[in-house]
Amino acid sequence: MMKIYLTSTLIGLTLFLQGCYHNQTHTTSTVSAADYKGSGSVTYGIAETTTENLFPQGGRVAELGTIKSINDDTTWTVPAEVNFTNDKMPFAADLYNDYGKRYNDPKSALTALTTQDTIEIDADGEVITAYLFADNYFEMYINGVAVGKDPVPFTQFNSNIIKFKVKKPFDIAILAVDWEENLGTGTEANRGISAHAGDAGLVAVFKDTNDKTISITDNSWKAQNYYTAPISDLSCLSESGTTRLSTECTTEGGNDASTLYGVHWAIPTGWEKQGYDDSQWPFATAFSNETVGVDNKKSYTNFTDIFDNEAQDAQFIWSNNLILDNQVLLRKTITN
């Protein structure tokens, strides 16, 4: 267990870390938060595990943990507070899931659904069908009603279908999470190193009762980031209005996650509700299939006629940094 001592100096806040985590012994190190001028809450090093694995059958361990900040004494859940074990939020049905059902086309997945699979928000509403692929995890709300969560928090990659009944206009709100192995640092073992920054992305298509596409993910959505990591130098971070920028930060990984920072912001109350004011949020950034890297994933390629329709090609979206931003809220109002 880490013992944390906070000392104020004229040049900023200093943190001395001692102890060990996961049987890895850390040497004493000195950390300063003086270079950080932003609005976030800064953490340093690896979080303490609170949940060993949300999904034991998964390809990677999906841990949850907590970590205390070094500049405001707030305790954060990493990579995010989620409803994966909350029975009140339903799991989304499968399009393609190595641990569940694997369909070769969207029609087969749609046919397998029953009337009980449709979440009713408005009794006199219209049935809407949503198709989603998330790297790695999502929870979706319609007008504040929980309509579906990702059944696989980390890997292998999967895709989902959700049906709900609602009147227009309605608000879509999605919590999207890029999972992590080294809790609190936004990193995972990859490409021969143990602390590699992971990337992210979410794509979705919404169709009405007549199979007409009424919305796709693109840069007209709103997207706000609430957790950035790994950061090795806090001075690389900046803010422009409500946009939290890490574009000047390195994305190169290493083998020592214990020396990395994370920056966190509190998720606002009611963000998932209908009518929530997201007008000051930044717009989403769109990313190509090649950037996200989905060409070898059947959970995506089996459904390109949905996600990559020539007439209405849905795009992967995220905040402005696909690699360093790990917890993003997405919103869109559907009017017609």
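Which whole-angstrom value gives the distance between the alpha carbon centres of the stretch 277-322 and the stretch 149-189?
First find each Cα centre; the distance between them is then 13 Å.
Taking the Cα centre of the chain as the origin, how large is its charge dipole in debye, to the nearest 20, when only Lys and Arg (+1) and Asp and Glu (-1) carry charge on their Cβ atoms?
380
For F316, F138, F84, what's the fewest-to-most ordering of other Cβ within 10 Å of each Cβ? Mind dumping the intermediate values first?
Working: F316 27, F138 24, F84 20.
The most exposed by this proxy come first: F84, F138, F316.
Can you compute the charge dipole magnitude of the stretch 122-191 about its Cα centre, using +1 on each Lys and Arg Cβ and -1 on each Asp and Glu Cβ, nothing else charged? Give it in debye, rounded to the nearest 20. Don't skip to the end; give the middle numbers.
Details: 6 positive and 11 negative charges, 56 e Å.
Value, rounded to 20: 280 debye.
I need T115, T285, T242 ordered by Cβ neighbour count within 10 Å, fewest first.
T115, T242, T285
Over the chain, what relative contact order in percent results from Cα pairs under 8 Å that are six or more residues apart? Intermediate results must be reported in sequence, preceding the final value.
On the way: 856 pairs, mean separation 67.1, N = 336.
Reported relative contact order: 20 percent.
Which residue, chosen from W76, A229, A195, occupies the Cα position most advanced towards the positive end of the dipole of the chain, where the dipole is computed from +1 (Lys, Arg) and -1 (Asp, Glu) charges on Cβ about the Cα centre?
In the chain, that residue is W76.
Explain nothing, just the number: relative contact order of the stretch 56-115, from Cα pairs under 8 Å at least 6 residues apart, as a whole percent. It would help to have the intermediate numbers written out before the result.
Values: 38 pairs, mean separation 11.4, N = 60.
In percent, rounded to a whole number, it is 19.
Could you line up D211, D256, D35 from fewest to most neighbouring Cβ atoms inside 10 Å? Can you show the working numbers first?
Numbers: D211 8, D256 17, D35 12.
The most exposed by this proxy come first: D211, D35, D256.
Which lysines have a Cα lying under 28 Å from the Cα of K273, excluding residues fewer than 8 positions away in the same chain?
The qualifying lysines are K88, K149, K163, K165, K167, K168, K207, K212, K222, K332.
Using θ = phi - 60° and the Karplus curve 6.51 cos²θ - 1.76 cosθ + 1.60, what whole-Hz ³J(HN,Hα) does each residue of the stretch 52-67 get, with Gly and Pro shown as x?
5, 6, 5, 9, x, 7, x, x, 10, 6, 9, 7, 10, x, 10, 8
The numbers here are math on the coordinates, done by the rules we state, and not lab data. Predicted, not measured: the structure shown is a model, and the values here were computed from it. Positions of Cβ are backbone-derived with ideal geometry, glycine not excepted, and every protein chain shown enters the neighbour counts.
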